[in-house]
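Just below is one structure, and these are the notes that go with it.
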Amino acid sequence: MSENKTGLHTWKQERSSLLRRWYDLMIQNKDDLAKIITAENGKPLKEAQGEALYSALFLEWFSEEARRIYGDIIYTAAKDKRGLVLKQPVGVAAVITPWNFPSAMITRKVGAALAAGCTVVVKPAEDTPLSALALAELANQAGIPPGVYNVVPCSQKKAKEVGEALCTDPLVSKISFTGSTATGKILLRYAADSVKRVSMELGGHAPFIVFDSANVDRAVAGAMASKFRNSGQTCVCSNRFLVQKGIHDSFVKKFAEAIKRDLRVGNGFEEGTTQGPLINEKAIEKVEKHVSDAVSKGATIETGGKRHQFGKNFFEPTLLSNVTRNMICTHEETFGPLAPVIKFDTEEEAVAIANAADVGLAGYFYSQDPAQIWRVAEQLDVGMVGVNEGLISTVECPFGGVKQSGLGREGSKYGIDEYLELKYMCFGGL
């Protein structure tokens, strides 16, 4: 790890070429990378194949963005002076990633960092270190110099100690973290002592609103995609379904039918499996707690509701109706295959419920009313909005949240700025 601020000692074209070679190797090895993801994370192989491709695309994207780091020339009031604005790499970046997307969360950060000219130290999640190491092997094959992409796996026992070391080391200039809001706050405190640059992609509590004007079938399809991907273990998963009273019964009926018809719990390597295990026993217990709390307060189980017979870390895809705002599942992120439905009357009520959370990562809503679409999209306190769409993540668009869902944006043309410093140079005597 070097404190030299020039980072990766290559010009933009060379950085671009190295990232492109890394991308090419990921594509060549995408099936093996997917198998590693399924083996360590449990998600169905089809989803893992999707992640492997999504992960590679960040390297392709930032290989192209590496050549588009521009500065500025500013004409000042003084005739004999010119102002120049340079963009330079921030320095060594510590990258701390989660277990739910063990490959894509690395490349989304590292691609931007290397494109900017930074070196990185990656601490992958304790549950899923193998994808990070596989990426290191391919980086080495691609010719990325030693010391540029570094991986530090650690045990659960050592995680706090390693995280603290990365966030307090004076050689580290930048921290990028994806994970829980609680952990993010701890890392921010560590970073504050040396005023490090930080990017935080933290917890969500995504509302999914269905208005009376919505196409019910499309809304159900969007709900299925948004809620049950990775068995509900994504930070942009819908966590609260708010359905207007006129369409409520039809939506709940069709949603329950789709869950029973289309979802199959099982081994991620088996053909036809759509729902793998939750990551550990603690995750299962949280879903159980949310279900039992809701039922004790009057919620109705439309389908699911308990552990699946396939194994101890598997939970039945669950749909609850008659959900009220005093239930834990309406104000805590579940991070599991639980879909609670709240009935509402007016647009104002739905927006108020959606915005009551102290986090704001993603939000979704279905409506056919153009004026309502503009109103609600602008009023939702989230960083990303899906309008008549349940899957919103793509490399070209900025990913990130507001409030306690984090700081900064990843992916897109904006993602590289997280790893660049502006330097103003005053050129006089002209």
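Computed over the stretch 294-342, the convex hull of the alpha-carbon atoms projects to a mean area of 3.3 nm². Close amide H pairs (under 5 Å, H built 1.01 Å from N) link V122 with V95, N150, V151, V152, residues at least 5 positions away or on another chain. Kirkwood radius for the stretch 191-242, taken over all pairs of different Cα atoms as the inverse mean of 1/r, rounds to 13.1 Å.
In the chain, a dipole from Cβ-located charges (positive for Lys and Arg, negative for Asp and Glu) runs towards its positive end, and of S173, L53, Y23 it is S173 whose Cα lies farthest in that direction.
Less than 15 Å Cβ to Cβ from D293, Lys/Arg counted +1 and Asp/Glu -1: what total charge do the surrounding residues give? Show your work: numbers first, answer last.
Working: positive: R240, K286, K289, K297, K306, R325; negative: E285, E288, E332, E333.
Here the count lands on +2.
Of the whole protein surface, M105 contributes about 10 Å² of accessible area at a 1.4 Å probe radius.
Descending by average beta-carbon neighbour count within 10 Å, the peptides 355-362, 225-232 line up as 225-232, 355-362, the highest first. Accessible surface for V162 stands near 30 Å², nearest 10, in the context of the full protein assembly shown (1.4 Å probe). Computed from point charges on the beta carbon alone (+1 for Lys and Arg, -1 for Asp and Glu), the dipole magnitude for the stretch 97-166 about its Cα centre is near 100 Debye. A 1.4 Å probe run over the protein chains yields, for the chain, 43 Å² of accessible area per residue, whole-number rounding. Each distinct pair of alpha carbons in the chain adds a 1/r term; the inverse of their mean, the Kirkwood radius, is 22.6 Å.
Below 8 Å, C-alpha to C-alpha, sequence gap of six or more: please give me the relative contact order for the stretch 282-365 in percent. Working shown, then result.
Working: 106 pairs, mean separation 22.3, N = 84.
Answer for the stretch 282-365 is 27 percent.
Modelled spin-label separation between W374 and K312, with each label point placed 7 Å from Cα along the Cα-to-Cβ direction: 5.6 nm.
What is the gain in length, in nm to one decimal, between V387 and V195 on full extension, counting 0.36 nm per residue of separation less the C-alpha to C-alpha distance?
On the way: separation 192, 0.36 × 192 = 69.12 nm, distance 3.76 nm.
That pair, V387 and V195, stretches by 65.4 nm at full extension.
Taking the alpha carbon gyration tensor of the stretch 18-175, multiplying each eigenvalue by 5 and rooting it gives semi-axes of 33, 20, 12 Å, largest first.
Split the accessible area of the chain by element, probe 1.4 Å, and carbon with sulfur accounts for 53%. What would the Debye formula give as log10 I(q)/I(0) at q = 0.16, 0.17 Å⁻¹ for the alpha-carbon point model of the stretch 283-391, no solvent? Evaluating at q = 0.16, 0.17 Å⁻¹ gives log10 I(q)/I(0) of -0.80, -0.89. Report, in degrees rounded to the nearest 10, the 0 to 90 angle that the Cα long axis of helix 281-296 makes with the longest principal axis of the chain. Taking Cα atoms only, the helix is inclined about 40 degrees. Let me check I've understood the local charge: for I69, count other residues with C-beta under 10 angstrom from its C-beta, Lys and Arg +1, Asp and Glu -1. What total comes out? It works out to a net charge of +3. Taking a Cβ cut-off of under 13 Å around D381, the surrounding Lys, Arg, Asp and Glu residues balance to a net charge of -1, with basic ones at +1 and acidic ones at -1.
DSSP bridge analysis restricted to the chain gives an antiparallel fraction near 35%, rounded to the nearest 5.
Considering every Cα-Cα pair within the stretch 58-128, what fraction, in whole percent, is farther apart than 16 Å? Display every interim value, and only then the final one.
Working: 1486 of 2485 pairs.
Value for the stretch 58-128 (Cα pairs over 16 Å): 60 percent.
The values are calculated or read from the model by the stated rules, or taken from the named source; none is laboratory data. Quick caveat, the model's predicted, so the values are computed rather than measured. Cβ atoms come from the backbone with ideal geometry, glycine included; neighbour counts cover every protein chain shown. In case anyone asks, the SASA skips ligands and DNA or RNA and just uses the protein heavy atoms, side chains included. Shrake-Rupley method; radii C 1.70, N 1.55, O 1.52, S 1.80 Å.
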